[in-house]
Amino acid sequence: QVQLVESGGGLVQPGGSLRLSCAASGSIFSIYAMGWYCQAPGKQRELVASIRWGDSTYYADSVKGRFTISRDNAKNTTYLQMNSLKPEDTAVYYCNADVVVRKGDIDYNYWGRGTQVTVSS
């Protein structure tokens, strides 16, 4: 099995910064992609940013220029640097990963439990 554990959420004032981390552990052969989703109360979960093998990245329009996703392949960890935070960024942020657990197998999708980010003065 594979576990994803997020950390780094919290309460921050508008304009502030946070850095989220997500560490994958367990039976891992390789990780094709890792990403961050957010879900605000009453809204659907949506993709914020992702990074694929080869380091190609995707950002939602709402976070372009403010958030940066990166990954440490040796540590099976992804980071989301969140700058210039706005109240509308308030949500639970979930880590997601496409993981191959053994050589030659297909990739499976996993979710973390989420970390709360609250932007408020």
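The values are calculated or read from the model by the stated rules, or taken from the named source; none is laboratory data. Predicted model only: the values in this text are computed from it and were never measured. Positions of Cβ are backbone-derived with ideal geometry, glycine not excepted, and every protein chain shown enters the neighbour counts. All accessible areas refer to the heavy atoms of the entire protein, side chains included, with ligands and DNA or RNA removed. Shrake-Rupley method; radii C 1.70, N 1.55, O 1.52, S 1.80 Å.
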**Complete:** According to the Cβ-distance criterion of 4.7 Å, cysteines of the chain with no possible disulfide partner are Cys38
**Item:** Three semi-axes of the equivalent ellipsoid, the chain, Cα gyration tensor, whole Å, largest first
**Value:** 26, 14, 12
**Request:** Work out from phi, with θ = phi - 60° and the Karplus expression 6.51 cos²θ - 1.76 cosθ + 1.60, the ³J(HN,Hα) of each residue of the stretch 4-10, listed in order in whole Hz, and give x for Gly and Pro.
**Result:** 10, 10, 8, 8, x, x, x
**Complete:** In the chain the accessible area split gives carbon plus sulfur, as whole percent at 1.4 Å, a share of 47
**Accessible area (Å², per residue) of the chain, counting only protein heavy atoms and a probe of 1.4 Å** = 56
**Prompt:** In whole Å, what three semi-axes, largest first, describe the equivalent ellipsoid of the stretch 1-56 built from its Cα gyration tensor (square root of 5 times each eigenvalue)?
**Reply:** 24, 14, 13
**Prompt:** Percent of alpha carbon pairs in the stretch 66-118 separated by more than 13 Å?
**Reply:** 70
**Asked** At a probe radius of 1.4 Å, what is the per-residue accessible area of Thr57, in Å² to the nearest 10?
**Response** 70
